[in-house]
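The values are calculated or read from the model by the stated rules, or taken from the named source; none is laboratory data. Predicted model, so just to flag it, every value in this text is computed and none were measured. All Cβ positions, even for glycine, are placed from backbone atoms using ideal geometry, and neighbour counts span all protein chains on display. To get the accessible areas, we keep the full protein, side chains included, count just its heavy atoms, and leave off ligands, DNA and RNA. Shrake-Rupley method; radii C 1.70, N 1.55, O 1.52, S 1.80 Å.
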Amino acid sequence: MSERADHVRRRGVAARLLSPHRPPEQSLFSGIYGLVLASALVAALDATGDTADPGPDALWVLLTALASSAAHGYAHVIAQRASADGAATVSRVRLVLAEWPLVAAVLPAVAMLLAAVAGWWAESTAVDAALLFNTVALFGWGAWAARTAGHGWPSSCGAGALDMLIGLVIIIANALIK
C-alpha cells in the first residue's frame, strides 16, 4: 500500500532536483532585472573607437548595480512608509537588503570584465561572453520559475524563451549600434 495520498502530485526526479523550493517573487524580479541591467550596461561599454578599459568598466557595472538595488529597496521603504506609520523598522532594512539578487546577477559580467583586466581576453570578448551568458541565464531563470510554478517542460521552455528574447534584443541592438 502506498504511503502517498491520492491527491499528492508525483514529481519526477528532474523536477525535484531543479525546484527543491519555490523562489520568492522578489528574488526572481531582482535577479532578472539584474541580468537585463548588466547586459545593457556591458553592451554600452563596448563602444567602437573608445579605448578599452575593463577595470573601471567592471567597477561602474558593479556600482550601478549597487545603486540600482539600493534605489529599488529604498523605493519599497518609501512606499511602505506612505502606507503605514513613519517609524523605521527592521522590516524596512530587510526590504533594502532583499534586493541582493540584483547585485548577484551582475557579478558574472563583472568577473568577465575583470578577466579582461587580467589579460585573459580582450574587453570586446568579455562583453560578448557576458551578453551570451546573461541571455542564457535569462532563459534559465524563466524556465526555472515556470517549472517551480508547476508548468510542464514545454511551457517552461516557452517561458524561458520569452525571457531570453530580452537578452537577444540587447544583443541585436548592440550589433546595430556599433
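Annotation: Asp50 carries an accessible surface of approximately 100 Å², with a 1.4 Å probe and no ligand, DNA or RNA atoms counted.
Below 11 angstrom from the Cβ of Gly140, what's the summed charge of the other residues (Lys, Arg +1; Asp, Glu -1)? Spell out each step's value before the answer.
On the way: positive: Arg147; negative: Asp163.
In short, 0.
The per residue volume of the convex hull around the alpha-carbon atoms of segment 105-178 is 82 Å³.
Backbone phi angles across segment 50-60, fed through the Karplus curve with coefficients 6.51, -1.76 and 1.60 (θ = phi - 60°), yield HN-Hα couplings of 7, 6, 5, 9, x, x, x, 4, 4, 5, 5 Hz in residue order; Gly and Pro are listed as x.
Of the residues Ile177, Ile170, the one with the largest accessible area comes first in the ranking Ile177, Ile170, computed with a 1.4 Å probe on protein heavy atoms.
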